[in-house]
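One structure is given here, and the rest of the page talks about it.
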Amino acid sequence: MTIEEAKQALQQLQVQMYAYRYALGQISLDAATVGPKDTVEGRGVALSVLAGAMYDMAMKPETIELLEYLKAHKDELNELEAKEVEELLRDHEETSKIPKDEYLAYRQLLNEADAVWHQAKADDDFAAFLPVLEKIVDFNRKMAGYIHPEKKPYDALLDRYERGLTMEKADAFFAQVRAHIVPLLAKIQAAPQVDDSFLKQIFPVEKQRVLSDRLMEMQTIDRGHCAIGETEHPFTSGFNHADVRITTHYYEDNFSDSMYSVIHEGGHALYELGIDPALDYTVLSGGVSMGIHESQSRLFENIIGRSRGYVKNLLPVLQEIFPEQMEGVTAEALYKALNKVEPSLIRTKADELTYSLHIMVRYEIEKRLIDGTLECKDVPAEWNRLYKEYLGVDVPNDRDGCLQDTHWGGGMIGYFPSYALGSAYGAQMVEKMKEDIDYEACLDACDLKPIVAWLGEKIHKYGSSKDPAWILANCLQADFDPSYYTRYLEAKYSDIYGL
Ligand SMILES: [Zn+2]
């Protein structure tokens, strides 16, 4: 094999892998959006065949020979090719540590687990979800041991979603955030409360769909490359830089829920849409990590989407679509209402300030499930205890408690901390952005193009061609410092509540 042949084979391998990812992703998207509920079985057969074929392609001896050959000729590869080989070898090494039968059985379990979780949530029946959760936790603990026997199991799981993240770092981060949020929350609760009653009227879903279109337009999302669907839990699927899908969930009596889901997922979508097309159909396509991804989504959702400037521009749009409901509402009243702080049960409906406390509950529980100091059967009681301790709320049932999120049913353990980290990354990114562009003027004029372009240049275009730590350092030109986030929260909410 010549080096040129090997390089060609490398690209062919990656395009094939892309095709399988595309097919698997479309099947999952279909399941979550329009697939009828009693179609799990046949989809499971297709998913397991495709996943098995993808596994075989990645693990066959010819693939490893090719990758080892290219690694040995590293000097003749360009930077992207070298990184592609490095990532493929890392994946190969990790996957080869998991016995194939266990890996495929786990994929099958996940396909069934999602439906079990949906039903258990609908029925408020944790006992129905418990056996599945036990298997998922067991597999994740075992997988962590297979992949990184030298690490604590939960550290290995954190690393999967945010390379380099450890419990030590996450503990320090959460301790700092909590030390600022808890006293701030106490002051807010003692202050006169914000009136958000006008947000709680009925907003017809048909009109909310019109609003979603307008929001995506304000966010500069090219609809020729990004569609919106409807799911129980909003999410984003990026297939390549020119094919991205977002979803939302409409509630007639809570329109701002979907509004901020659309802006949040729109932030994810802009990231995927901004990736250098040269990375398409390679393993370097797609956002680099969950933490960096959440930095983009939560930046748009909260720091931009809940800012005075953006909300001022949002008001005429809302008044046009919902003239009756929004009659007489001022920009300042809307700004305060959309930023009302109220400890609550549901993470995805949480205000910007208390959001991280929801994450801390899940983080504490995951850590202990994986290190074995908490049993799955005790999750509801521990969940309820922590919600009382951190947020001061009583959890009335498991549907609004430990069954509310899709993540554990989807096998995602170690993912939650990235939401809180992403929020903090975003706050520091904006401060850096202000050195280059007139950020406030962009919000005031609702001209988000310069903001999207800045993020595109500093973060989006790189896709996964650099490590998350490199991308963050490149963007911030400094070490990550959570005090940007806590200062941002303190300034914003002291102003809103007159503290
Ligand atoms: Zn997100």
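Hey, V182 hits all of (1) modelled with pLDDT under 95; (2) surrounded by fewer than 18 Cβ atoms within 10 Å (Cβ to Cβ); (3) outside any helix (DSSP H, G or I) but one; which does it fall short on?
For V182, the exception is condition (3).
Would you be able to tell me the number of residues in segment 228-241 that are in contact with a strand residue (DSSP E or B) (Cβ under 9 Å, 6 or more places away or on another chain) and over 21 Å from K37 (Cα atoms)?
2
State all residues of segment 100-122 that are more than 30 Å from N397 (Cα to Cα) and either in contact (Cβ under 8 Å) with a residue 12 or more places away in the chain or among the acidic types (D, E) (or both); if no residue qualifies, say none.
K100, D101, E102, Y103, L104
How about segment 239-268: which of its residues are more than 12 Å from the ligand (Cβ to nearest atom) and either closer than 22 Å to R21 by Cα or small (G, A, S) (or both)?
If the condition is that a residue be more than 12 Å from the ligand (Cβ to nearest atom) and either closer than 22 Å to R21 by Cα or small (G, A, S) (or both), then F239, N240, H241, A242, D243, V244, R245, S256, S258 are the ones that fit.
Restricting to segment 379-395, count the residues that are part of a helix (DSSP H, G or I), hydrophobic (A, V, I, L, M, F, W, C) and touching a residue at least 12 places away in the same chain (Cβ under 8 Å).
The number of residues fulfilling the criteria is 4.
Here is a list of conditions, (1) at positive phi; (2) crowded, with 21+ Cβ neighbours inside 10 Å, and R362 meets all of them except one; can you say which number that is?
Unmet for R362, out of (1) at positive phi; (2) crowded, with 21+ Cβ neighbours inside 10 Å: (1).
Being modelled with pLDDT of 95 or more and out of contact with any Leu (no Cβ under 9 Å at 6 or more places or on another chain) is the filter; apply it to segment 221-234 and report the residue that is nearest to the ligand (Cβ to nearest atom).
Here the answer is I228.
Of the residues P131, P149, which single one is in a helix (DSSP H, G or I) and surrounded by fewer than 17 Cβ atoms within 10 Å (Cβ to Cβ)?
Unique residue meeting the criteria: P131.
All but one of (1) at pLDDT 95 or above; (2) in contact with a Ser or Thr (Cβ under 9 Å, 6 or more places away or on another chain); (3) closer than 30 Å to L88 by Cβ; (4) among the hydroxyl-bearing types (S, T, Y) hold for Y462, so report the exception by its number.
Going through (1) at pLDDT 95 or above; (2) in contact with a Ser or Thr (Cβ under 9 Å, 6 or more places away or on another chain); (3) closer than 30 Å to L88 by Cβ; (4) among the hydroxyl-bearing types (S, T, Y) one by one, Y462 breaks only (2).
Restricting attention to segment 296-337, and to residues there that are small (G, A, S) and within 16 Å of the ligand (Cβ to nearest atom), which single residue is nearest to the chain's Cα centre (by Cα)?
The qualifying residue nearest to the chain's Cα centre (by Cα) is S297.
Just need a number here: residues in segment 405-432 that are more than 15 Å from the ligand (Cβ to nearest atom) and surrounded by fewer than 21 Cβ atoms within 10 Å (Cβ to Cβ).
4
The values are calculated or read from the model by the stated rules, or taken from the named source; none is laboratory data. The shown structure was predicted, so the numbers you read here are calculated from the model rather than taken from an experiment. Cβ atoms come from the backbone with ideal geometry, glycine included; neighbour counts cover every protein chain shown.
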